[in-house]
Amino acid sequence: MSTREQILGKLFFGRDPLKDFPQGRFVTDLQGWHSDHPYLTRAIGEVHPAIVVEVGVWKGASVVTMAKEIRRLGLDAGVIAIDTWLGSSEHYLWEKFIPDLDFEFGYPRLYHKFAANICNEGLMDIVVPLPLDSINAFQLLKEKGIRPDVLHIDAGHDYLSVMADLKAWWPQLRDGGVLIGDDYFKKPIIGAGKWPEVRQAFDEFFAATPHTKFESGDGKCYVGKPARA
């Protein structure tokens with residue numbers, strides 16, 4: 001049984017949420033931010049994970065990057081893609097995101113774009129979508145004994161939600177694993193800086209939390225978790 005099949009057994013009682021998705025009905029749209037960042041493929045290559053978790057998925061471009069690297073390396077691994085696919089506050093503040101949310105009778109259909117991207121890229125045998133918010137997804141995976149080897153956090157941009165994600169997910173990350181944080185800009189970009197509360201949460205959390213390495217560049221950070229002796 002493949003790792004993905006084991007994940008489906010635990011999270012969906014063996015049902016496949018991507019089964020029979022109408023492939024080709026929607027065009028591929030891999031718009032995203034920092035979605036081909038070298039940290040994503042580096043983590044896969046260094047850790048050789050069985051379980052990858054991404055929290056905050058949007059259209060799935062970074063999920064695609066990691067899943068393709070898993071395939072290239074021939075790993076038996078699954079990528080659990082966690083998102084509500086409802087957008088966040090900034091997507092409602094800025095009109096330019098309204099077409100991406102693809103409202104139908106006032107409800108976003110962003111998940112369809114994500115699922116189409118995964119299917120059109122032929123990655124259905126690696127990716128498992130989980131349509132939950134970060135904390136409920138954490139509770140589910142913890143209860144089911146699913147611990148990621150590589151964790152990509154790309155959800156909220158405010159201090160409270162980022163800190164909540166770190167407090168929940170860092171203990172769930174396997175010893176020796178890698179956490180990649182998105183929207184971590186070390187220097188101000190414009191004015192007070194881009195997403196300063198993201199950087200603040202990461203800096204405060206890891207100032208008080210043991211880790212093996214902390215690197216940053218081009219809007220992401222790369223954090224190693226100590227291996228158990």
**Request:** Write down the percent of antiparallel bridges among all DSSP beta bridges whose residues are both part of the range 31-181, to the nearest 5.
**Result:** 5
**Asked** How do the peptides 23-29, 152-158 rank, highest first, by the average count of neighbouring beta carbon atoms within 10 Å per residue?
**Response** 152-158, 23-29
**Message:** How much length would be gained if the chain were fully extended between Arg25 and Ser2, taking 0.36 nm per residue of separation minus their Cα-Cα distance, in nm to one decimal?
**Reply:** 5.5 nm
**Message:** Nothing charged except the Cβ atoms of Lys and Arg (+1) and of Asp and Glu (-1): what's the magnitude of the dipole of the chain about its Cα centre? Round to the nearest 20 debye.
**Reply:** 520
**Request:** Take a quick pass over the range 55-167 and tell me how many lysine pairs come in under 16 angstrom between Cα atoms, counting only ones 8 or more apart or on separate chains.
**Result:** 4
**Asked** Taking Cα pairs under 8 Å and at least six residues apart, what relative contact order does the range 93-229 come out at, in percent?
**Response** 20
**Asked** Taking the Cα atoms of the range 1-148 alone, what are Rg (to one decimal) and Dmax (as a whole number) in Å?
**Response** 15.0, 45
**At q = 0.17, 0.21 Å⁻¹, base-10 log of I(q)/I(0) for the range 106-229 (Debye sum, equal scatterers on each alpha carbon)** = -1.00, -1.28
**Asked** Please state the relative contact order of the range 1-72 as a whole percent: Cα pairs under 8 Å, 6+ residues apart?
**Response** 34
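Just so you know, all these numbers are worked out from the coordinates, no wet-lab data involved. Since the structure is predicted, the reported quantities are computational estimates derived from the model, not experimental observations. Please note: Cβ atoms are built from the backbone with ideal geometry, for glycine as well, and neighbour counts cover all protein chains shown.
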